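See structure below.
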Amino acid sequence: EFIDSYYFNQAEYIRFNSTVGKYVGYTEHGVKNAETWNKGSVLAQELGELERYCKPHAAILYSNVL
């Protein structure tokens, strides 16, 4: 699971969660940003990072934990 969170003044306002597959906002400002980011190229970039880095390295990182 890949999670990318954004904070302002120690409060989380938006998060990308690979399980959900999109950005989710937690404040009024975060909800507006999430709607915009989910429609644009920002979501495609985040999904690209998931495919480029997370999936190939998941087995390696998991074996290090064990």
### Query
In region 2-11, what count of residues is obtained for those that are surrounded by fewer than 14 Cβ atoms within 10 Å (Cβ to Cβ) and either small (Gly, Ala, Ser) or under 8 Å from the mean Cα position of the chain (by Cα) (or both)?
4
### Task
Just give me the residues in region 12-62 being in a loop (DSSP other than H, G, I, E, B), out of contact with any strand residue (DSSP E or B) (no Cβ under 9 Å at 6 or more places or on another chain) and open to solvent by 60 Å² or more (accessible area, probe 1.4 Å), in sequence order.
Val20
### Query
Between residues in region 20-49 that are under 13 Å from Ser5 (Cβ atoms) and residues that are part of a loop (DSSP other than H, G, I, E, B) and open to solvent by less than 100 Å² (accessible area, probe 1.4 Å), which pairs lie under 9 Å by C-beta distance while being six or more apart or on different chains?
Glu46/Phe2; Glu46/Ser18
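The values are calculated or read from the model by the stated rules, or taken from the named source; none is laboratory data. The model shown is predicted, which means the values in this text are computed figures rather than measured ones. With ideal geometry, Cβ positions are generated from the backbone for all residues, glycine too; neighbour counts draw on all protein chains shown. Quick note on the areas: whole protein, heavy atoms, side chains included, nothing else; ligands and nucleic acids left out. Shrake-Rupley method; radii C 1.70, N 1.55, O 1.52, S 1.80 Å.
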